[in-house]
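The values are calculated or read from the model by the stated rules, or taken from the named source; none is laboratory data. Since the structure is predicted, the reported quantities are computational estimates derived from the model, not experimental observations. Quick reminder, even Gly has a Cβ in these numbers, built from the backbone with ideal geometry, and neighbours come from all protein chains shown. Note: accessible area is taken over every heavy atom of the protein model, side chains too, but ligands, DNA and RNA are not part of it. Shrake-Rupley method; radii C 1.70, N 1.55, O 1.52, S 1.80 Å.
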Amino acid sequence: MADWEVVIGLETHAQLSTASKIFSGASTAFGAAPNTHVAAVDIALPGVLPVLNKGAVERAICFGLAVGGTINRRSVFARKNYFYPDLPKGYQISQYEIPVVAGGGLDILSPTRGPIRIALTRAHLEEDAGKSLHEGLSQMSHGMSGIDLNRAGTPLLEIVTEPDMRSSDEAVAYAKQLHALVQWVGICDGNMQEGSFRCDANVSVRPVGTTTLGTRCEIKNLNSFRFMQEAIDFEVRRQIALIEDGGRVVQETRLYDPDKHETRSMRSKEDAQDYRYFPDPDLPPLVIADDWIARVKAGMPELPVEMKARFAEQYLLYAADAAALTATRATAEYFTQTMDALAKTPGVPYSSQGNDATNGKVVANWVINELGALLNNHQTDIADAPIAPRKLAELIAQTDRFKGTISHKAAKDVLAAMWSGEGDAVAIIAAKGLAQISDAGAIEKLVDDVLTASPAIVAEVRAGKEKAFNSLVGKVMAASKGKANPAQVNAIMKKKLG
């Protein structure tokens with residue numbers, strides 16, 4: 001494979017988060033009984049006319065702004081003609097020559113090439129087709145297929161990249177970045193199991209050092225990142241083996257079989273002329289005024305790349321921590337809500353400008369590492385965590401960095417108990433007797449007892465052995481059953497030893 005270069009472009013269908021379809025008032029809700037969410041337009045009854053959903057357009061504008069694309073002030077809907085049993089009109093309403101969004105791009109981190117930008121060709125609006133059902137029908141329908149038109153007319157934004165990716169790793173990195181972005185800006189729920197976000201991968205290979213593109217094959221309807229990687233890797237191996245054996249790659253559409261871990265031919269790949277595109281006579285050109293774009297922009301959230309940079313600067317976070325906190329909008333909101341709640345806790349120092357780096361680093365550690373571990377162990381999204389941000393803030397306020405009621409180790413145990421529903425932090429600390437000993441006199445007595453009982457170790461400390469000092473601290477902590485305030489133990493021990 002070292003002699004071959006892989007070339008990949010992705011086409012992603014993101015179902016837009018409107019309550020109704022793109023050209024009718026029928027519901028887009030998932031899971032309804034077959035053919036119950038349909039309107040006359042969706043089933044192509046004679047004489048019906050499509051009416052464009054304003055919300056779908058606004059979501060397309062939002063996406064274009066998020067990726068730095070050009071919002072075409074005038075775009076055109078076209079009829080894409082082909083026959084599917086679940087396409088009642090015999091054509092799909094899409095956009096061809098003039099899409100709503102042109103250009104733009106997404107920055108990803110390639111495992112081999114470092115930071116790279118994946119250029120976008122276009123993003124255009126279109127309607128989804130229905131669905132053919134071949135399994136799960138009644139016994140009376142054995143050997144027959146059914147048609148469910150609930151999805152027919154569902155609004156889609158098809159996002160097309162340039163052939164800029166050179167490995168399955170890069171394709172997955174891009175798809176994950178795009179998946180996170182459409183959810184962040186609220187235009188798509190990203191549910192891959194329900195088909196809200198699905199990708200087609202165009203894959204080809206060429207000898208290293210050449211610039212001419214090889215013949216591509218399109219792998220359709222990849223609805224998981226793992227399947228995407230497996231499908232692309234198999235297709236690359238298949239094409240290379242085919243060429244090296246003297247054969248040639250045929251342009252076609254293929255499907256991935258996750259049980260056999262292989263792609264298989266579905267149909268010959270159509271070109272644009274096969275679809276006989278022409279402007280839809282029932283829909284006027286879509287005209288987008290500057291003030292409409294301005295209103296959409298004003299309603300957009302802070303983008304993840306901007307928030308990541310702000311977090312890193314405002315809280316002096318490592319780039320990796322800032323990236324982890326902005327991986328999803330839910331994580332970012334959890335972090336900021338915890339910071340706000342901590343700021344309102346009596347006795348906790350906090351800048352009135354909200355830029356206290358110490359607090360930010362402490363909260364980031366708790367959200368990413370301690371809470372993150374529980375989320376991973378329980379396979380739970382942070383939005384569904386049973387510990388509210390204000391409750392986590394109450395716990396953080398009790399730790400050594402702030403009030404010093406409990407040690408960090410004890411705090412981790414309290415967090416686990418909070419997750420299990422045993423109560424809030426203060427109640428759990430009291431019930432389990434986890435409060436630290438912070439009385440200076442009591443700690444000084446413990447230190448004196450340890451020093452008196454350990455003359456040999458004391459001699460080692462005075463001889464400059466640092467490990468011996470840590471041993472004495474450990475003995476004090478053991479004598480206090482872990483409840484002595486570590487910072488006070490260290491300070492008093494150093495004072496006693498000169």
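Some observations on this one:
- Leading residue by the ranking (nearest to Asp413 (Cα to Cα)) among those in the range 463-498 that are exposed (fewer than 13 other Cβ atoms within 10 Å of the Cβ) and modelled with pLDDT under 85: Lys481
- Subset of the range 19-34 (residues that are surrounded by fewer than 19 Cβ atoms within 10 Å (Cβ to Cβ) and either over 19 Å from Leu156 (Cα atoms) or under 29 Å from the mean Cα position of the chain (by Cα) (or both)): Ala19, Ser27, Ala29, Phe30, Gly31, Ala32, Ala33, Pro34
- Considering the range 433-498, the qualifying helices (runs of 4 or more DSSP H), each wholly inside and each with 1 or more residues that are closer than 23 Å to Phe402 by Cβ, run over 440-453, 466-479, 486-496.
- Of the candidates Gly55, Gly103, the single residue that is under 23 Å from Ala173 (Cβ atoms) and of a type outside the set (A, V, I, L, M, F, W, C) is Gly103.
- Flag not set for Val208, criterion: β-branched (Val, Ile, Thr) and crowded, with 16+ Cβ neighbours inside 10 Å.
- Identity of the residue in the range 381-411, of a type in the set (Lys, Arg) and under 18 Å from Ala431 (Cα atoms), that ends up least open to solvent (accessible area, probe 1.4 Å): Lys391
- Restricting Leu106, Leu125 to those that are surrounded by 10 or more Cβ atoms within 10 Å (Cβ to Cβ), modelled with pLDDT of 85 or more, within 25 Å of Ala323 (Cβ to Cβ) and touching a Phe, Trp or Tyr at 6+ places or on another chain (Cβ under 8 Å) reduces the list to Leu106.
- Matching option when the condition is without any contact (Cβ under 8 Å) to a residue 40 or more places away in the chain and crowded, with 18+ Cβ neighbours inside 10 Å, among Arg248, Arg254, Arg216, Arg198: Arg254
- Selection status of Gly186, surrounded by fewer than 19 Cβ atoms within 10 Å (Cβ to Cβ) and at pLDDT 95 or above: yes
- Taken over the range 302-327, the residue count meeting the criterion of being in contact with a Phe, Trp or Tyr (Cβ under 7 Å, 6 or more places away or on another chain), not aliphatic (A, V, I, L, M) and not in a helix (DSSP H, G or I) is 1.
- Answer from Glu5, Glu58 - the residue that is acidic (Asp, Glu) and in contact with a Phe, Trp or Tyr (Cβ under 9 Å, 6 or more places away or on another chain): Glu58
- Among the conditions (1) at pLDDT below 95; (2) touching a helix residue (DSSP H, G or I) at 6+ places or on another chain (Cβ under 6 Å); (3) surrounded by 15 or more Cβ atoms within 10 Å (Cβ to Cβ), Thr326 misses just one, which is (1).
- Selection count, the range 286-302, where residues are in contact (Cβ under 8 Å) with a residue 24 or more places away in the chain and surrounded by 12 or more Cβ atoms within 10 Å (Cβ to Cβ): 8
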